[in-house]
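Trainee: Questions regarding the structure given below will be posed in turn.
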Amino acid sequence: MATNAETIVVVTDANVLINLLRIGQLPLLGKLDAYRFLVPEEVVAEVTDPDQREALSSALAAGYLGQAVVDTMESLQLFAELRDMMGRGEAACLALAATMGCHIASDEKKRFRRRAVELIGEERILRTEGILLEAIRQGRISVAEADGFKEALAANRYSMPFQSFSDLL
Amino acid sequence: MGLTREELGRRIRSARESCGLTQEQLGEFAGLSRVAVGQIEAGTRSVSSLELDRIAHAVGRDIKSFFAESFVERDALAALFRSDAQLAEQGDLLKALQDSLALGHELTNLERLLEIDRVQLLTASYELAIPKSRWDAIQLGQKVATEERQRLGLGVAPIGDLSELLEAQGVRTGAVALPENISGLTLVDDTIGVFVVINARHAAVRRRFSLAHEYGHVLMDRGRALAPSRAENRSDLLEVRANAFAAEFLMPAEGVEQFVLAFGKGGASRTQIAVFDEAEAVQVEQRAAPGSQDIQLYDVALLAHHFGASRISALYRIKNLRLIDEREFQRLKTEEDSGAGQTIANFLAAPEAPLEDTSREDFRRRFLALALEAYRREEITRSKLAELAAMVHLGRNELGAALASAKLD
């Protein structure tokens with residue numbers, strides 16, 4: 001994978017991918033400058049809706065999403081330890097992020113977030129709204145579009161704790 | 001110092017060999033070629049988390065066990081393989097065993113996360129020699145069942161929820177779809193403790209008997225390598241002993257006799273008493289009305305219902321207790337075989353199993369309750385909860401609805 005020192009590598013969990021797939025914005029992950037999004041094979045397996053699977057496969061084939069594998073001894077050991085409390089995809093994301101020193105994109109709260117904060121720190125955790133905000137900042141989408149996505153996700157039981165993206169700018 | 005790739009490979013090979021799998025068989029489970037498995041075992045190829053997860057499942061281990069400070073070379077599945085050479089050839093059984101062990105590991109993990117101090121194994125251990133004959137096996141099985149009933153303070157009453165009784169003794173119980181010829185099996189290792197698995201495909205009364213049979217193995221054969229209880233092995237002495245245990249444990253002789261006597265049956269047709277007054281005896285004879293002591297099929301139906309057993313096992317039980325003779329046994333069995341027993345049981349509303357048979361769901365319910373509690377206490381994530389629910393065949397939509405109604409969403 002081609003990255004440079006300024007590139008922020010983000011290991012992406014299924015919930016963020018599914019949110020972006022729901023609003024048809026998965027390609028956004030390939031358009032953000034200075035970001036490189038990776039998806040562990042366990043996360044790919046967790047996307048089960050046929051249309052979403054197809055869109056994810058296309059993104060991986062097009063190369064704007066990279067596939068990641070947990071296979072170093074350090075990451076495998078952490079993966080095994082994390083499996084007690086979290087799902088395969090989450091454990092793979094966190095094991096990779098912690099051992100590679102990169103970011104994680106996950107909307108999971110509670111237990112996952114607590115462990116993620118312990119392992120990589122709060123500043124290295126991105127959420128769906130963080131990605132949309134970065135896309136606004138980079139001029140990829142407008143505030144109005146982002147607010148529309150926010151509304152669409154709220155209808156799918158994912159709510160964001162603010163009125164409008166304009167509040168965050 | 002962390003584990004090396006070579007050591008991980010060695011541990012994978014050891015786990016594979018101890019449960020009798022070839023590299024090719026392990027490869028099929030893990031989605032790898034035989035060559036790739038060989039390379040992983042030699043430490044010349046890395047293994048991915050996805051592959052290692054599948055390998056752990058295939059060899060019946062928790063993935064963490066590969067990274068433990070001291071690796072346990074032989075575990076529950078290895079013990080079963082040592083005891084039963086047919087195991088590797090019976091693919092459907094192997095799959096059921098793998099699923100059972102995965103459940104056992106997750107159950108252990110949930111209890112640990114919830115700080116549930118799993119009761120130590122409280123059961124007595126009856127040190128018995130291998131029976132010399134089938135007769136010997138039956139006598140020993142019955143004797144242990146009587147002692148165990150006494151130890152548990154059960155008297156001669158029917159046992160209600162058998163799996164609850166075993167759980168209270170520190171024995172984990174579960175129901176998994178096993179091949180038809182396997183009624184149950186007992187898995188024992190340091191991680192999961194003693195885990196009795198019965199065949200979820202069998203009818204309720206049979207599952208109940210199997211649970212009692214396996215409990216007999218736990219009490220009498222714990223130190224031995226236990227093979228699955230197969231229909232074709234029922235003549236083996238240890239199986240005969242466990243069956244005799246189960247029959248006596250579920251339907252204690254004294255309890256059966258009391259039950260039958262309460263109907264005014266089972267007595268002799270002629271009873272003689274001599275009353276002695278220190279000088280002479282006066283003979284008194286009581287004759288029962290002809291046929292009044294004969295046990296009928298409805299008595300058998302009520303007896304089976306009372307003890308939660310099948311009518312046919314109740315029939316054998318009263319024959320063995322000499323409450324009926326061979327001729328009566330044959331008459332009743334013919335009636336039972338003709339379907340009359342079922343008709344009578346329906347008429348009396350006395351089914352073999354309790355009216356509301358929930359034993360198949362007991363394990364699932366217990367497992368899901370622990371998982372929900374772990375989720376509520378934020379010990380596991382939603383995704384882990386969904387994985388655990390899927391292991392007991394609960395879909396994401398059903399789980400979502402359950403979480404919403406429990407206000408845990």
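Trainee: Between a first residue in region B:382-398 that is touching a residue at least 40 places away in the same chain (Cβ under 8 Å) and a second residue that is among the small types (G, A, S) and in a helix (DSSP H, G or I), which pairs have beta carbons less than 9 Å apart while being 6 or more apart in sequence or on different chains?
Mentor: Listed pairs, sorted by first residue: B:L388/B:A371; B:L388/B:A374; B:M391/B:A102; B:V392/B:A371.
Trainee: Can you tell me which residues in region B:10-52 are more than 29 Å from B:D92 (Cβ to Cβ) and either open to solvent by less than 30 Å² (accessible area, probe 1.4 Å) or touching a His at 6+ places or on another chain (Cβ under 9 Å) (or both)?
Mentor: Hit for region B:10-52 is B:G43, nothing else.
Trainee: Here's a follow-up. Looking only at region B:56-77, count every residue that is crowded, with 24+ Cβ neighbours inside 10 Å and of a type in the set (V, I, T) and tell me the total.
Mentor: Of the residues in region B:56-77, 1 are crowded, with 24+ Cβ neighbours inside 10 Å and of a type in the set (V, I, T).
Trainee: I've got another one for you. Is there any pair with a first residue in region B:101-113 that is within 12 Å of chain A (Cβ to nearest Cβ) and of a type in the set (S, T, N, Q) and a second that is assigned to a helix (DSSP H, G or I) and open to solvent by less than 20 Å² (accessible area, probe 1.4 Å) whose Cβ atoms are under 9 Å apart and which are 6 or more apart or on different chains, and what are they?
Mentor: Here the result reads B:N109/B:A374, each pair linking region B:101-113 to a residue that is assigned to a helix (DSSP H, G or I) and open to solvent by less than 20 Å² (accessible area, probe 1.4 Å).
Trainee: Exactly one of these conditions fails for B:G153: (1) open to solvent by 40 Å² or more (accessible area, probe 1.4 Å); (2) small (G, A, S); (3) at pLDDT below 85. Give me its number.
Mentor: (3)
Trainee: Is it the case that region A:9-29 has a residue that's under 16 Å from A:T128 (Cβ atoms) and touching a Pro at 6+ places or on another chain (Cβ under 7 Å)?
Mentor: Within region A:9-29, one or more residues are under 16 Å from A:T128 (Cβ atoms) and touching a Pro at 6+ places or on another chain (Cβ under 7 Å).
Trainee: Here is a check on your reading of the model: is A:S106 of a type in the set (G, A, S) and in contact (Cβ under 8 Å) with a residue 40 or more places away in the chain?
Mentor: yes
Trainee: If you don't mind, another one. Condition first: in a strand (DSSP E or B) and either open to solvent by less than 40 Å² (accessible area, probe 1.4 Å) or away from every other protein chain (no Cβ under 14 Å) (or both). Can you find one or more residues in region A:39-61 that meet it?
Mentor: yes
Trainee: From the set of residues in region B:1-29 that are of a type in the set (A, V, I, L, M, F, W, C), part of a helix (DSSP H, G or I) and more than 13 Å from every other protein chain (Cβ to nearest Cβ), which is nearest to B:H105 (Cα to Cα)?
Mentor: B:A15
Trainee: Is it the case that region B:59-78 has a residue that's more than 14 Å from chain A (Cβ to nearest Cβ), part of a helix (DSSP H, G or I) and touching a Cys at 6+ places or on another chain (Cβ under 8 Å)?
Mentor: yes
Trainee: Which helices (runs of 4 or more DSSP H) does region A:68-169 wholly contain that include 1 or more residues that are away from every other protein chain (no Cβ under 14 Å) and surrounded by fewer than 21 Cβ atoms within 10 Å (Cβ to Cβ)?
Mentor: Qualifying helices (runs of 4 or more DSSP H): A:110-120, A:128-137, A:143-155.
Trainee: Determine, yes or no, whether A:R36 is of a type outside the set (A, V, I, L, M), farther than 16 Å from B:E387 by Cα, in a helix (DSSP H, G or I) and open to solvent by 20 Å² or more (accessible area, probe 1.4 Å).
Mentor: So A:R36 does not fit the description; no.
Trainee: Which helices (runs of 4 or more DSSP H) sit wholly inside region B:304-409 and have at least 2 residues that are within 14 Å of chain A (Cβ to nearest Cβ)?
Mentor: Answer list for region B:304-409: B:359-376, B:382-391, B:396-405.
Trainee: In addition: I'm told B:L94 meets every condition in (1) touching a residue at least 12 places away in the same chain (Cβ under 8 Å); (2) within 26 Å of the chain's Cα centre (by Cα) except one. Can you identify the failing condition by its number?
Mentor: Unmet for B:L94, out of (1) touching a residue at least 12 places away in the same chain (Cβ under 8 Å); (2) within 26 Å of the chain's Cα centre (by Cα): (1).
Trainee: Can I ask one more? Exactly one condition in (1) open to solvent by 10 Å² or more (accessible area, probe 1.4 Å); (2) among the hydrophobic types (A, V, I, L, M, F, W, C); (3) within 14 Å of chain B (Cβ to nearest Cβ) is not met by A:V11; state its number.
Mentor: Against the list (1) open to solvent by 10 Å² or more (accessible area, probe 1.4 Å); (2) among the hydrophobic types (A, V, I, L, M, F, W, C); (3) within 14 Å of chain B (Cβ to nearest Cβ), A:V11 comes up short only on (1).
The values are calculated or read from the model by the stated rules, or taken from the named source; none is laboratory data. Everything quoted here is computed from the prediction, not taken from an experiment. Note: ideal-geometry Cβ built from the backbone for every residue, glycine included; neighbour counts use all protein chains shown. Protein only, heavy atoms only, side chains kept; ligands, DNA and RNA dropped before computing areas. Shrake-Rupley method; radii C 1.70, N 1.55, O 1.52, S 1.80 Å.
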